[in-house]
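Derivation of every value follows stated rules applied to the coordinates shown; laboratory data play no part. Bear in mind that the values here come from a model prediction, so they are computed numbers and not experimental data. Every residue, glycine as well, gets a Cβ built from its backbone with ideal geometry; the counts of neighbours run over all protein chains shown.
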Amino acid sequence: MASLQMAALLSAPSTPVPSDRVRVGSLRLSASSSSAARNGGALVVRSEAKVSGGGASARGLSLITHAVAEKAAAASSADSKPGHELLLFEALREGLDEEMERDPTVCVMGEDVGHYGGSYKVTKGLATKYGDLRVLDTPIAENSFTGMGIGSAMTGLRPVVEGMNMGFLLLAYNQISNNCGMLHYTSGGQFKIPIVIRGPGGVGRQLGAEHSQRLESYFQSIPGLQMVACSTPYNAKGLMKAAIRSENPVVLFEHVLLYNLKERIPDEEYVLSLEEAEMVRPGEHVTILTYSRMRYHVMQAAKTLVNKGYDPEVIDIRSLKPFDLYTIGNSIKKTHRVLIVEECMRTGGIGASLRSAIIDNFWDYLDAPILCLSSQDVPTPYAGTLENWTVVQPEQIVAAVEQLCK
Amino acid sequence: MAAFSAVKIPPPQFTTVRSSSQRPGSSPAHFAHSPSAFNSISFGSAKSVRSRPLFAVSSDVVSSDKTKPASSSASNPAVTREVALELYEDMVLGRAFEDMCAQMYYRGKMFGFVHLYNGQEAVSTGFIKLLNQSDKVVSTYRDHVHALSKGVPSREVMAELFGKATGCCRGQGGSMHMFSAAHNVLGGFAFIGEGIPVATGAAFSAKYHHEVLKQSKPEGLDVTLAFFGDGTCNNGQFFECLNMAQLWKLPIIFVVENNLWAIGMSHLRATSDPEIWKKGPAFGMPGVHVDGMDVLKVREVAQEAIARARRGEGPTLVECETYRFRGHSLADPDELRKPDEKAHYAARDPIIALKKYIIEHGLASESELKSIDKKIDDVVEDAVEFADSSPLPPRTQLLENVFADPKGFGIGPDGKYRCEDPLFTQGTAQV
């Protein structure tokens, strides 16, 4: 799948701009990514530095080499670059480890988080370091161990509950809705629930319907709950730390296909804001709102769009509940066109809520109807071709932007 | 005599409460079992499944034959005068409070679903009066008396029931959600079973504080009591938590208030094996059956279970045979329970039984007990007056406790956090 190749090839560093609101990631695609571009029907892209004749430049086409503007101040060689490189699951672990080190009340609960190191290795090594009680291997009883996490959060601990797959947390819905979300309110503010519920979700690679669920749409109505979705190693670590430090119950959505993304992240400690969205690519023509894995489909489509002369602004909303209406609103006020690209199902998904929020708040700034690309309302099929057609692909994104900008 | 040592075990008698050949005045389901099942009762943890003894006893069930003297001799009361009066007062408070709730409900002062505890006072008093302030209580929707026994002031509970801002949960919880951080009452839950994992978490927290944070107390681990009913014992969360609590030897006591009825569903019609105490040994923990209409027997069992938990020996499952004198809730017409069953248990009223015990053992005089009754009446009256005169929650309270950190409402279009918007604090903003 084109997106998987994209995921595997994203080995380039992204150095964030140190402003407190906006983080710009720059993706420098390696030369071999042109094969992905070819698959997507985009033009061949070559590095600007090698433009010396032949190929596209001879044909007089002006090539834009990067979908995202590269920071001019990028260091010359990888060795002298600040920070350290790691994969997304390692970034999550690093964030978790730092928080556990910093605060002894932070603990982990879940299936196979301890000795096994987590089904996606997010907690690998932590049980050896912190012991079996702080990294607790639970029996297979999601509702009860999530409730146990809530009870311990009420009594002074800060548990991080892992759903081995987010879909399994459907079994914990009783506890997440009634106790996690509501208990602070029904107790009149007497008990806080500083719990983090995290795990991998989303459509993977032929995992079948039950392992391919998007629970963000089911949880979004629960009052008292915050939801964030990470998409890069940088924001994964930052959001993990922020979620653990938050006094509110936070659900952190990870994606099964993004765990092996590699990125260079700062050595210094950083914590991101749970409520803020991330500016991925500033632009002028259209606002594309997305999150999690679809960010990469959008960026792949953006390459194509850029070469077709469009200038999309891409925002990773990151905070699924609540929405960052400031970042989103500023963008809409600039571009007047909105495309939402999400992996949720069409019915009742995050896109549906986002569309509604935009209409409520920014109706006057819109020049066109809000387009929302979501997954089909089908149980995710096993067959690869069918699965591809279930989720939004870059070609659809390109077509949608072209339609919006007519 | 320790509660868990072998006591006289009556022969098995399985007369069901409801049957077509109902004999008038038949005794209720009598959860005894074959005496041969446990000749040896020891308290080590069971190592192998094969040789694990059944950790279960049945304490003396008060027979309907009232001519039989109490098990302890008149010269050796099981409790001191102070304790006896404390227990009496607590049970009378529970009863008077609940009776007042019924009155207030029918007068339109409280609404919704109200589940009264009349008849079950011995369980609440028997257990909770042994706890320290830092021990935790987790209950169900039938939680008023648990809160009162744990020390939540009657005023706060009554005001909560009236939906006033001075209620223990600011009027936001209601009858089924009594919480008190000061007295470590962790709820009050409307769905049955959903409090049990929360209680398990509180017990986990106690163990964590001791082992990881090294915050140990001289008296031992903080104990958590989880109260729930017979209907809950068929729910998955019950079994899942029995497993986890025993697995990690958590300081929790699972207290089953078996009043034989889950609204209109008889326990015997809902449960394949109605002897709930047996489910403890199935998970490796002691299972005890006790007469829940006798506060002294409950207290005896509770003492042992709490001591076990404090020492870190793990959980206990205690099945208290009890009965609710009123319907499931104030909306329940209570048509299915037979009059003779009700009469049987009314004759075993725990308050009357304790009163009789106190007088027979010369622990206090009739007039002293009456003055306690009067004192409690005043307390309850005062609670009603307080609740009546308390203000209703203002609009500004609507959005206040949704998040512990109100930044969770997010960032508004103007770049400020929504919670900074004055409309928010006025409660008139749309979330």
Exercise for review: Determine the dipole magnitude for region A:245-372: charges of +1 sit on the beta-carbon of Lys and Arg, -1 on that of Asp and Glu, nothing else is charged, the reference point is the Cα centre, and the result goes in debye to the nearest 20.
Suggested key: 540 debye
Exercise for review: Can you tell me how much longer the chain between residue A:361 and residue A:124 gets when fully stretched, taken as 0.36 nm per residue apart minus their C-alpha distance, in nm with one decimal?
Suggested key: 80.9 nm
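Relative contact order of region B:232-323: what whole-number percent is it, with Cα pairs under 8 angstrom and at least 6 residues apart?
Relative contact order comes out at 43 percent.
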Review point. Which ³J(HN,Hα) values in Hz, rounded to whole numbers, follow from the phi angles of region B:345-351 under the Karplus curve 6.51 cos²θ - 1.76 cosθ + 1.60, where θ = phi - 60° and Gly and Pro get x?
Key: 7, 4, 5, 10, 3, x, 6
Review point. On full extension of the chain, what length is gained from residue B:81 through residue B:273, given 0.36 nm per residue of separation minus the C-alpha to C-alpha distance?
Key: 65.1 nm
**Study point:** Label point distance in nm, residue A:102-residue B:367, each placed 7 Å from Cα along Cα→Cβ
**Key:** 6.8 nm
Review point. To the nearest 0.05, what FRET efficiency results for residue A:267 and residue B:388 with a Förster distance of 60 Å applied to their C-beta separation?
Key: 0.45
Practice item. Note down the net charge around residue B:207, summing +1 for each Lys or Arg and -1 for each Asp or Glu among other residues with Cβ under 13 Å from its Cβ. Key: +3
Practice item. Calculate the dipole size of region B:78-128 relative to its Cα centre from +1 charges on Lys and Arg beta carbons and -1 charges on Asp and Glu beta carbons; express the result in debye to the nearest 20. Key: 260 debye
Point to revise | residue A:205 versus residue A:84: modelled label distance in nm, points set 7 Å from Cα along the beta carbon direction | key: 2.8 nm
Revision key, fill the gap. Sorted by chain and number, the residues with a modelled amide H under 5 Å from that of residue B:326, at a separation of 5 or more or across chains, are B:118
Study note, to complete from the structure: Residue by residue through region B:91-102, the couplings from Karplus 6.51 cos²θ - 1.76 cosθ + 1.60 with θ = phi - 60°, in Hz, x for Gly and Pro, are 5, 5, 4, x, 5, 4, 4, 5, 4, 5, 4, 4
Check your understanding: What residue among B:198, B:125, B:148 has its Cα farthest toward the positive end of the dipole of region B:112-246, where the charges are +1 on Lys, Arg and -1 on Asp, Glu, each on the Cβ?
Key -> B:148
Point to revise | Filter on B:129/B:207; B:164/B:297; A:192/B:164 - keep pairs with C-alpha separation over 29 Å | key: B:164/B:297
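Within 10 Å of each Cβ of A:315-328, how many other protein chain Cβ atoms are there on average?
3
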Review point. Sequence-distant or interchain residues sharing an amide H contact under 5 Å with residue A:393, placed H: which?
Key: none
Revision key, fill the gap. Given backbone amide H placed at 1.01 Å from N, residues whose amide H is under 5 Å from that of residue A:321, ignoring those fewer than 5 places away on the same chain, are A:227
Revision key, fill the gap. In the neighbourhood of residue B:111 defined by beta carbon distances under 13 Å, the net charge of the other residues (Lys, Arg +1; Asp, Glu -1) is +2
**Study point:** Inter-site label distance for residue A:347 and residue B:425 at 7 Å from Cα along Cβ, in nm
**Key:** 4.4 nm
Revision key, fill the gap. Nearest-0.05 FRET efficiency for residue B:377 and residue B:303 at R0 = 30 Å, using Cβ-Cβ distance, is 0.50
Study note, to complete from the structure: Where a ≥ b ≥ c are root eigenvalues of the Cα gyration tensor, a/c under 1.5 meaning rounded, otherwise prolate if a/b exceeds b/c and oblate otherwise, region A:263-396 counts as rounded
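For region B:262-332, state which trypsin sites (Lys or Arg not before Pro) are in a DSSP loop and have at most 13 other beta carbons lying within 10 Å of their beta carbon.
Values: sites: B:269, B:278, B:279, B:297, B:299, B:308, B:310, B:311, B:324, B:326; in loops: B:311, B:324, B:326.
Those that pass, being in a loop and sparsely packed, are B:311.
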